[in-house]
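Bear in mind these aren't lab numbers, they're just calculated from the coordinates by the rules spelled out. Computed from a predicted structure; not experimentally measured. Reconstructed Cβ throughout: ideal geometry from the backbone, glycine too, with neighbour counts over all protein chains shown.
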Amino acid sequence: MRHHIILRIAAQLLIPPILLFALYVQFHGDFGPGGGFQAGVIFAAGLVLYGLVYGVAEIHRVAPTHVAMKMMAIGLLIYIGVGFAGLGLGGKYLDYNVLLHDPMAGQHLGIFLVELGVGITVASTMLVIYQCFSEHQSRDLADDEW
């Protein structure tokens, strides 16, 4: 891809706003449309674009598969942890009202943390899926060259 200079420059210009927009969707999700799932997909799309433009080896260098797999688990643990925190504080599973002294603030914190866990899990899962497919395809291309 080194000879596709226009594509590389376009990607350099587009990837940062894509990732920034994903963060906006993540943190604005409890006030309007959006949230963890949408933000995770947008964030993963930015990383996939990076992998498509700069190559499989580069995306593995920037976001190794083992790190993305750990992030999948961390996102899930955040989601589950919020649920069990509600149980531990005397409420129901994923009952956000008991997380803080003010039920409204507890709702806000609970939704924020759950959406954060979902966003991390979705982005990491989509990235791992892309890495697995791209790794498999690069092996097939290498076999065809022989």
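Compute, for segment 5-145, the length of the dipole vector about the Cα centre, with Cβ point charges of +1 (Lys, Arg) and -1 (Asp, Glu) only. Units Debye, rounded to 20. Don't jump to the answer; show the numbers that get you there.
On the way: 5 positive and 10 negative charges, 55 e Å.
The calculation lands at about 260 debye.
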Pseudo-spin-label distance Met69 to Ile129, built 7 Å along Cα→Cβ, given in nm, is 1.8
Whole-Å distance linking the alpha carbon centroid of segment 45-124 with that of segment 12-26 is 18
Rg (one decimal) and Dmax (whole number) from the Cα set of the chain, in Å, equal 18.8, 67
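Determine the relative contact order of segment 5-145: mean sequence separation of Cα pairs under 8 Å and six or more apart, normalised by residue count, in whole percent.
29 percent.
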Taking a crude spin-label model, label points 7 Å out from Cα along the C-beta direction, the His108 to Ile5 distance in nm is 5.1
Scalar couplings 3J(HN,Hα) for segment 92-99 by Karplus 6.51 cos²θ - 1.76 cosθ + 1.60 (θ = phi - 60°), nearest whole Hz, x for Gly and Pro, are 8, 4, 6, 8, 7, 4, 8, 5
